[in-house]
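J.: Below is one structure. I have some questions about it.
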Amino acid sequence: MAPTRYSLGAIVLHWLIAAALAFQIIFAESLEGPRGPDLFARFQLHKSVGITILLLSVLRVGWRLIVPRPAAVPGPKWAMTLSSLVHLGFYIVMIGAPLTGWILVSTSDIKVDTLLFGSIPWPNLPVPQWMGEPSEEIHEILPNVGIALLVLHVAGALRHQYLLGTPILARMLPGGRGKAIGAVALAAAIMLGGIVLGKIVDPKGASAAPAAKVQAEAEPVAAPAAAPEPVAAAEPLAAEEAQAKPSDEEASAPRTWAQAPGGRLGFTAQWNGEPVTGSFGKWSSNILFAPDALEASKVDVSIDLASVDTGDSQRDGTLTDTDFFDTSRFARASYRATRFTALGGDRYRADGTLTLRGVSKPVPLAFTLTIAGDKARARGTARIDRTSFGVGQGEYASTTEIAGPVAISFDFAATAKD
């Protein structure tokens, strides 16, 4: 005999998918406006939830084929036919909407890596480019179809429960017999939860927290590179260390310095007026420097571009791709300075060359340097034009959305090796 209720697995999948669909339909309203960090984060969440719906829907189809389910509620032929069509329509929406969205991402001219909820890499579909346009049209239509099907589905359930006296709500929810007020309230709460989340969720907030510290430390794009703020030493120095001076022999040649762990090399760009801050987790330097031997001083810095961190793993994946850093071809950037100018006090200027994406350009930077015995602390700023280095290809080459100027900042400690 057919069971009188759906299995627990079918019930859980039914309501998870229903709530996720409600969330997606409402959340899609926020996917408008100028492109920027906020819209980027919203699209990433939209993609993640869509793929989740697709996976749950495929699982639901398999469950339906394997696990016995209640028999169809008898009634007039037109009603049973309409019910079958509504259920079929739901499966088309549940699978078709995320699938067409996946095709859209896969055929887009702008390639953005998909990481489900910022963690799980998700591949693109190997589909021809021409499928993008029809998929976009279908993707926009299916949510409206889903809303119409939901109205019919709810009307049918309420008709059976209250007009015909068939306790149909008991099949998919507990407490469905009699007036089934509890079952109706529970169903409404589940759907309302999805709708409310779609209205209030702020995916940008998830990446704003780890980026907040970076942004607080970064220099603004408009800050003049020649005037960095004074910087305090990384750790308290004893008075006798602060007054220590190199001997005449030491002053005749630059000293070799070892970069201490914990330094920061960061940047700030503007995306539709919003600052996007980031840093590089892996970089190293070879420093030969002395204030009394500037003519013989030199600095070489090597940066692992794949270590970029903007607080959003999907955005980081885009930066390492071919449109930006293209780390498959240009794994590292470098900066070499051999000319230094004392500006008075602890302020200096370095004239060096930055090599990025195979392009080398002169880039001056201003920095402050405090030296006390064998301890030193350097902090500085520079500004570059990303377009001069080819950072941003295709649509990203335009400075309408992502500004050309990018502020660079660094802050690190070092210890003399000799």
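The values are calculated or read from the model by the stated rules, or taken from the named source; none is laboratory data. Since we're looking at a predicted model, the values are computed, not measured. Cβ placement follows ideal geometry from the backbone for every residue including glycine, while neighbour counts extend to all protein chains displayed. Just so you know, the surface numbers come from the protein's heavy atoms only, side chains and all, with ligands and any DNA or RNA stripped out. Shrake-Rupley method; radii C 1.70, N 1.55, O 1.52, S 1.80 Å.
J.: Return the only residue of Arg329, Arg336, Arg377 being touching a Gly at 6+ places or on another chain (Cβ under 8 Å), in a strand (DSSP E or B) and among the basic types (Lys, Arg).
T.: Going through Arg329, Arg336, Arg377 in turn, the sole match is Arg336.
J.: Which members of the range 373-385 meet the condition of being in contact (Cβ under 8 Å) with a residue 40 or more places away in the chain and either over 16 Å from Ala290 (Cβ atoms) or surrounded by fewer than 17 Cβ atoms within 10 Å (Cβ to Cβ) (or both)?
T.: Gly373, Asp374, Arg379, Gly380, Thr381, Ala382, Arg383
J.: A further question on this structure: Just checking, does the range 136-158 include any residue being open to solvent by 80 Å² or more (accessible area, probe 1.4 Å), at pLDDT 85 or above and under 25 Å from the mean Cα position of the chain (by Cα)?
T.: Among the residues of the range 136-158, at least one is open to solvent by 80 Å² or more (accessible area, probe 1.4 Å), at pLDDT 85 or above and under 25 Å from the mean Cα position of the chain (by Cα), which makes the answer yes.
J.: Next question. Of the residues Trp102, Trp63, which single one is at pLDDT 90 or above, under 20 Å from the mean Cα position of the chain (by Cα), among the hydrophobic types (A, V, I, L, M, F, W, C) and part of a helix (DSSP H, G or I)?
T.: Step by step, each of Trp102, Trp63 is checked, and only Trp102 is at pLDDT 90 or above, under 20 Å from the mean Cα position of the chain (by Cα), among the hydrophobic types (A, V, I, L, M, F, W, C) and part of a helix (DSSP H, G or I).
J.: Could you tell me which numbered condition Met80 fails, if it satisfies all but one of (1) under 28 Å from Leu319 (Cβ atoms); (2) of a type outside the set (Asp, Glu); (3) surrounded by fewer than 20 Cβ atoms within 10 Å (Cβ to Cβ); (4) at pLDDT below 90?
T.: In the conditions (1) under 28 Å from Leu319 (Cβ atoms); (2) of a type outside the set (Asp, Glu); (3) surrounded by fewer than 20 Cβ atoms within 10 Å (Cβ to Cβ); (4) at pLDDT below 90, Met80 misses (1) alone.
J.: Now, a different point. Which one is surrounded by the most Cβ atoms within 10 Å (Cβ to Cβ) among residues in the range 386-414 that are more than 29 Å from Arg255 (Cβ to Cβ) and polar (S, T, N, Q)?
T.: The residue in question is Thr387.
J.: So Pro70 passes all but one of these: (1) free of Cβ contacts under 8 Å to residues at least 24 places away in the same chain; (2) over 23 Å from Ile138 (Cβ atoms). Which condition number does it fail?
T.: Going through (1) free of Cβ contacts under 8 Å to residues at least 24 places away in the same chain; (2) over 23 Å from Ile138 (Cβ atoms) one by one, Pro70 breaks only (1).
J.: Quick check, is Pro134 over 20 Å from Leu56 (Cβ atoms), out of contact with any strand residue (DSSP E or B) (no Cβ under 7 Å at 6 or more places or on another chain), of a type outside the set (D, E, K, R) and not in a helix (DSSP H, G or I)?
T.: Here the answer is no, as Pro134 does not meet what is asked.
To keep it simple, each residue is scored yes or no on (1) more than 22 Å from Ile168 (Cα to Cα); (2) without any contact (Cβ under 8 Å) to a residue 12 or more places away in the chain; (3) among the hydroxyl-bearing types (Ser, Thr, Tyr); (4) buried (at least 16 other Cβ atoms within 10 Å of the Cβ).
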residue: Thr4; (1), (2), (3), (4): no, no, yes, no
residue: Ala10; (1), (2), (3), (4): no, no, no, yes
residue: Leu16; (1), (2), (3), (4): no, no, no, yes
residue: Ala20; (1), (2), (3), (4): yes, no, no, yes
residue: Gln24; (1), (2), (3), (4): yes, no, no, yes
residue: Glu32; (1), (2), (3), (4): yes, yes, no, no
residue: Leu39; (1), (2), (3), (4): yes, yes, no, yes
residue: Arg42; (1), (2), (3), (4): yes, no, no, yes
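J.: Here's a follow-up. I need every pair where a residue in the range 344-361 that is closer than 20 Å to Ile287 by Cβ has its Cβ under 8 Å from the Cβ of a residue that is assigned to a loop (DSSP other than H, G, I, E, B) and open to solvent by less than 40 Å² (accessible area, probe 1.4 Å), sequence separation at least 6 or different chains.
T.: Arg347/Pro228
This table checks each residue for (1) in contact with a strand residue (DSSP E or B) (Cβ under 8 Å, 6 or more places away or on another chain); (2) acidic (Asp, Glu).
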| residue | (1), (2) |
| --- | --- |
| Asp312 | no, yes |
| Phe325 | yes, no |
| Ala342 | yes, no |
| Leu356 | yes, no |
| Asp374 | yes, yes |
| Ala378 | yes, no |
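J.: Further question on the same structure: Determine the pairs where a residue that is at positive phi, located within the range 253-266, has a partner that is open to solvent by 40 Å² or more (accessible area, probe 1.4 Å) with Cβ atoms under 9 Å apart, the partner being 6 or more residues away or on another chain.
T.: Final answer for the pair search is Gly262/Ala234.
J.: Specify the residue that is surrounded by the fewest Cβ atoms within 10 Å (Cβ to Cβ); the eligible residues are those in the range 83-131 that are of a type in the set (A, V, I, L, M, F, W, C) and touching a strand residue (DSSP E or B) at 6+ places or on another chain (Cβ under 7 Å).
T.: Per the criteria, the residue is Trp122.
J.: State which residue is most open to solvent (accessible area, probe 1.4 Å) when the search covers only the range 303-326 and only residues that are closer than 30 Å to Arg42 by Cα and in a strand (DSSP E or B). Spell out the reasoning first.
T.: Restricting attention to the range 303-326, the residues satisfying the condition of being closer than 30 Å to Arg42 by Cα are 304-326.
The next check asks that each one be in a strand (DSSP E or B); those that pass are 304, 308-309.
Numbers: Asp304: 33, Val308: 10, Asp309: 79 Å².
Once the filter is applied, the top-ranked residue is Asp309.
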